[in-house]
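Take a look at the structure below.
The values are calculated or read from the model by the stated rules, or taken from the named source; none is laboratory data. Everything numeric here is computed off the predicted structure, so don't read it as measured data. We place every Cβ from the backbone using ideal geometry, glycine too, and count neighbours over all the protein chains shown.
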Amino acid sequence: MHHEEEYQEITHCGFVAIVGRPNVGKSTLMNHILGQKLSITSRKPQTTRDQILGVQTKGHIQTIYVDTPGLHKGQDKAINRYMNRTASQALKDVDVVLFVVDAERWTEEDDNVLAKLRYAECPVVLVVNKVDKLEEKDELLPRMMTLSEKMDFAQIVPISALRNKNLDRLESLVESYIPEGVQYYPEDQITNRSSRFLASEIVREKITRQLGQEVPYEVAVQIEEFVFEGSTIHISALILVERDGQKRIIIGDKGSKIKLIGKESRIDMENLFQQKVMLNLWVKVRSGWSDDERALASLGYQDD
């Protein structure tokens, strides 16, 4: 009796944590790798508040990227304590850690991240970002030598996330660490985050990009309505700030700022959701929200 053997392709699936101090380019790196705007990017530190899982499936290898909030020192406010807990949590149960640093400078905050990485039970790859900004190209090798002495890194990879330089090499290296296993997500899924969450992140990015230092990171965006009507999505977003002055800044002269934030957000949302979007924004003052554990929980910033 003839038996045909069933051929089953061996699949790989694993988790990659992207860590580093605020503002070294972690979100930009993930956005470029995935070719999608999932994690918000801004010149302002501390803009990524949650672990966003970006999923990349290339044939039999599925890589799940965990984009952590910056590991940083400030433990005084509730939101800072939460962000630190989330970042440290991400170091557990991952297959490889990408430690992103700025080619131009090493700071005390990098030392703080490094101290936490010493406890990682998986390979740590040092990713030296923004190498295109080094004034002299022959600075790079000595710089990498100096960095290599800080810890026994599995590998050191120089990249420019913004300019898409050397990311192929980094991706191949990451894939080499992904173990055999069942794939968690369908092939076409690129994030486990809800559309509502992604919509709120887009609005928050536009606020930080438009207003920079004028509005500190005590800004939250709550999606009040997310409704599909035919080929259009109707989205209403509530922007929460701490003080009246911040509300005035976000609205701008005769509503000019909020109109611009709304227009840019809508364009990004239409690109992401591939549908027409009708977006309504309004601003509300809720003082003390960033230092109130209960308020944070109501905005979705709680530990799983």
Let me confirm something: among LEU162, LEU170, which residue is outside any strand (DSSP E or B) and modelled with pLDDT of 90 or more?
LEU170
Number of the condition not met by GLN183 [criteria: (1) under 30 Å from VAL277 (Cα atoms); (2) surrounded by 12 or more Cβ atoms within 10 Å (Cβ to Cβ); (3) touching a strand residue (DSSP E or B) at 6+ places or on another chain (Cβ under 8 Å)]
(1)
Six or more apart or on different chains, Cβ atoms under 7 Å: show the pairs whose first residue is in the stretch 250-267 and in contact (Cβ under 8 Å) with a residue 40 or more places away in the chain and whose second is in a helix (DSSP H, G or I) and of a type in the set (S, T, N, Q).
LYS257/GLN210; LEU260/GLN210; ILE261/GLN210
Strands (runs of 3 or more DSSP E) lying entirely in the stretch 210-304 (those with 3 or more residues that are at pLDDT 90 or above and within 21 Å of ARG196 (Cα to Cα))
232-241, 276-285
The residue from LYS150, LYS130, LYS92, LYS137 that alone is at pLDDT 75 or above and out of contact with any helix residue (DSSP H, G or I) (no Cβ under 8 Å at 6 or more places or on another chain) is LYS130
